[in-house]
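The numbers here are math on the coordinates, done by the rules we state, and not lab data. Only a predicted model underlies this, so the values are computations on that prediction, with no experimental measurement involved. Positions of Cβ are backbone-derived with ideal geometry, glycine not excepted, and every protein chain shown enters the neighbour counts.
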């Protein structure tokens, strides 16, 4: 009958849709057990997890390419592993899913403002650190009423991203009287900051410098070092060969001067003084 | 089993939901009635405005409307609606967003209600010498309202559920607390979900039943 | 525009003059508001060419951000309606069952999912999938969005189907009985095919609701839909959030107006068709009840 045909077609389309939606491409079991170095050699390609919405670190450009300090680091170490730029597949790794994605083998490594912490270290291995960032405040250029986090106590309006620890840090430890505005992303905070509806925005200074560099002359960093964030390259737990290769690659990048060049290119325009390169293998508490 | 609840102010979050709903409902009813009045008014430009407003606002995702209140109205145009702190400002911005959006549905319900009032009623009123405003206010709208209590109840229930969207600009209502709880209490997300789902069932079910009965009672028998 | 005309007389010279005054006043008020908005936006540097220009001169904004986002929105909405339809039909029919033990549970499920906000369903589905399944994280937001939309709209469509079947004249069932059809046969061969045509407009209108609700996934789950493109675009073009929001809103408005127009056209079409009973299930509102 006509209707049952409609029903059957509908069910078929639904089934196809579900299958399509549910199936990812998990790497084969044996592939996942190989070291990062081995995989790079065998496949001549790597999947790298990055952020795609953080100017200065990892940002998706209109032409579909990616740009930022993390991206440059990823490209450099990949080249050291024998993988050309064109053979790197960049994929977005949302903060909450980074450990998961490494464990599932969705990505070979993660270079995405990924701070080394004891809890994370239990789930994944970290190479590096390759950068020492600090939680900081971004304010309007010329607004000197906020020099430290405590200044936010004067009923200032602080903006951050929902579910991020940085805003809670400030509110709990430094400025309990600050008013907190939370959005889904940092770019929403910028509009308000520019128009004085918000007084400061907080997260890692690298990300803030990236935003400030996009619109030179409008914003400045307060220079309040509220925390230490040791950015490391995340890889699968127990892959000591891969970790060692990455450590060496990072060291080489620092020694060759490429590191400083990349840092100055992405953070410099914000008036952000690029710090000394960290010592590989040493996490600053 | 439910001891995780004691750490969170679930009732407080639902109280915000209720407040958002009540203020938005009152505002939507007023602005929706004005819009409906415009759509049937003798002045062509007002009719055009009413039609355009409804067809535009109704077709924008509510999420976008609410975000636009915060980013556009407050952060760019600097309209704080008299709210002193971020919390009160966000609450008022959310209410305004819900009013702008929900009023389109109120307007459309009312307009279909106006159409159910027999032509003779308006004609008789005009024969008595009443002008447009008087016909609408004294004869047509009172009858129209009685026949649209049912549809308006649906709009109210939809509004109650829609208030969850206020979480996108940081209003601490039920769904924002639920997101927080599902992240912290990941071993009992099923329970967390059931608590909030039942909360909304409890909020919407009695309203539906009560107003449904009222709709039957108030309906104009013809 | 026949309905409004009963509310007032054909304007005479006096009324015409009065209407003209109202028109001028109303236009002045509108212009005032528009002027204030434009002036304030300009003052805040929101109307500069660097913020709006990319949408007209730079094709990459469209090919890299907007079109892929739009595609995801349409994909989620399409999958949701295609899966929700059979599911909704099933529950709609179950609610019409003669057996209490079928009717009541089906009714409870439908009423439950109609009462729960879609946003809460989405947040829960996303957390649930991340805890208990290993769906690839690339697809998880899509799957969570589709799941929530299917549960809610399946419940709404169940009511549409029920109303569609109930709108058919009793003679249809009686005639089917008279020629010896079973209950299932009556449903699949007589009632449903007729109900489907009368339900088409309501189904298309529901698509508008689904399309708008996909934006919740963009905001709450990071699903890469059209709404979610606002941030990456603003990141690349001098924080042009206002401009991007305007363009994205326009796309939604055009898309949904086309769908609404299609629903109206379908309604007319199914009314005129000779083979149908002429019954039409009215489009439903946001809450899934008939307006």
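Would you mind giving the mean number of other chain beta-carbons within 10 Å of the Cβ of each residue in C:128-137, as a whole number? Walk me through the numbers on the way to the answer.
On the way: counts 4, 1, 6, 5, 2, 1, 6, 5, 9, 14.
For peptide C:128-137, the averaged partner shielding equals 5.
For the range C:1-61, just list the percent of Cα-Cα distances falling in each 10 Å bin from zero outward, please.
Bin by bin from 0 Å, the calculated values are 18, 23, 21, 16, 19, 3.
For chain C, what does the alpha-carbon gyration tensor say about shape, rounded, prolate or oblate, given a ≥ b ≥ c as the root eigenvalues, a/c under 1.5 as rounded, and a/b over b/c as prolate?
Working: a/c = 2.69, a/b = 1.30, b/c = 2.07.
Note, shape of chain C comes out oblate.
What nm distance separates the two modelled labels at residue C:257 and residue B:124, each placed 7 Å from Cα along Cα→Cβ?
4.0 nm
Could you tell me which of rounded, prolate or oblate describes chain A, using a ≥ b ≥ c as the square roots of the eigenvalues of the alpha-carbon gyration tensor, with rounded for a/c under 1.5 and, failing that, prolate when a/b is larger than b/c and oblate otherwise? Show your work: numbers first, answer last.
On the way: a/c = 2.06, a/b = 1.28, b/c = 1.61.
It is oblate, given that a/c is not under 1.5 and a/b is not larger than b/c.
Any chance you could give the angle, 0 to 90 degrees and rounded to 10, that helix A:2-22 forms with the longest Cα principal axis of chain A?
Relative to chain A, helix A:2-22 is tipped by roughly 60 degrees.
Kindly state, to the nearest 0.05, the FRET efficiency for residue B:198 paired with residue C:103, given R0 = 25 Å and r defined as their beta-carbon distance.
Values: r = 22 Å, r/R0 = 0.89.
Efficiency for this residue pair is about 0.65.
Quick check on the range B:174-222: what does the Kirkwood estimate of hydrodynamic radius come out to from the alpha carbon pairs, in Å?
Values: mean 1/r = 0.0770 Å⁻¹.
Result for the range B:174-222 stands at 13.0 Å.
How high is the FRET efficiency between residue C:90 and residue C:63 when r is their beta carbon distance and R₀ equals 30 Å, given to the nearest 0.05?
Details: r = 40 Å, r/R0 = 1.35.
My answer for the efficiency is 0.15.
Does anyone have the angle between helix C:13-43 and the longest principal axis of chain C? Alpha-carbon axes, 0 to 90°, nearest 10?
The answer is roughly 70 degrees.
Quickly work out the residue A:147-to-residue A:265 label distance, labels modelled 7 Å from Cα along the C-beta direction, and quote it in nm with one decimal.
A separation of 3.7 nm, rounded to one decimal place.
Need one number: nm distance between label points at residue B:15 and residue A:84, each 7 Å from Cα along Cα→Cβ, rounded to one decimal.
About 6.6 nm separates the two model spin labels.
Rank-order C:17-27, A:246-256 by packing density, defined as the average count of other C-beta atoms within 10 Å over each peptide's residues, highest first.
Details: C:17-27: 13.5, A:246-256: 18.5.
Ranking the peptides C:17-27, A:246-256 by packing returns A:246-256, C:17-27.
In whole angstrom, how far apart do the alpha carbon centroids of the range B:109-129 and the range C:167-204 sit?
37 Å
Counting partner chain Cβ atoms within 10 Å of every residue's Cβ in C:83-92, what's the average?
Values: counts 8, 1, 6, 7, 2, 0, 3, 1, 0, 0.
For this peptide, the per-residue mean of nearby foreign Cβ atoms is 3.
Taking 45 Å as R0, compute the FRET efficiency from the Cβ-Cβ separation of residue C:48 and residue C:269 and round it to 0.05. Before the final figure, lay out the partial values.
On the way: r = 47 Å, r/R0 = 1.05.
It comes to 0.45.
Enumerate the whole-percent occupancy of each 5 Å bin, from 0 to the last occupied one, for all C-alpha pair distances of the range B:3-218.
That works out to 1, 7, 13, 15, 16, 14, 12, 9, 6, 4, 2, 1, 1, 0, 0, in percent per bin.
For the range B:147-222 and the range A:70-116, what is the separation of their Cα centres, given in Å?
Taking the Cα centre of the range A:70-116 as reference, the centre of the range B:147-222 is 42 Å away.
Only bridges with both residues in the protein assembly as shown count here: give the DSSP antiparallel percent, nearest 5. Intermediate values should be presented prior to the final figure.
On the way: 21 of 35 bridges.
Within the protein assembly as shown, antiparallel bridges account for around 60 percent of the total.
Nearest 10 degrees, 0 to 90: what angle lies between the long axis of helix C:140-166 and the longest principal axis of chain C (Cα atoms)?
Compared with the principal axis, the helix lies near 50 degrees.
Want the number for residue B:85 to residue B:220: 0.36 nm per residue separation, take away the alpha-carbon distance, what's left? Present the calculation step by step, with values, prior to reporting the outcome.
Working: separation 135, 0.36 × 135 = 48.60 nm, distance 4.70 nm.
Separation in residues times 0.36 nm, less the Cα-Cα distance, equals 43.9 nm.
For the protein assembly as shown, place one equal point scatterer on every Cα, skip the solvent, and apply the Debye formula. What is log10 of I(q)/I(0) at q = 0.07 Å⁻¹?
Here log10 of I(q) over I(0) equals -0.59.
Between C:164, C:262, C:180, which gets the highest mean-square fluctuation from a Gaussian network model of chain C, Cα cutoff 10 Å?
Checking each option, the largest mean-square fluctuation is seen for C:180.
Show me the three semi-axes of the equivalent ellipsoid for the range C:106-179, from the C-alpha gyration tensor (sqrt of 5 times each eigenvalue), largest first, rounded to whole Å. If you can, show how the numbers build up before the last one.
Working: eigenvalues 275, 33, 17 Å².
Result for the range C:106-179: semi-axes of 37, 13, 9 Å.
State the Cα centre-to-centre distance between the range C:100-147 and the range A:124-187 in whole Å.
35 Å
For A:92-98, what's the mean count of beta carbons from other chains sitting within 10 Å of each residue's beta carbon? Mind dumping the intermediate values first?
Values: counts 4, 1, 5, 0, 4, 4, 1.
Counting other chains' Cβ atoms within 10 Å and averaging over A:92-98 gives 3.
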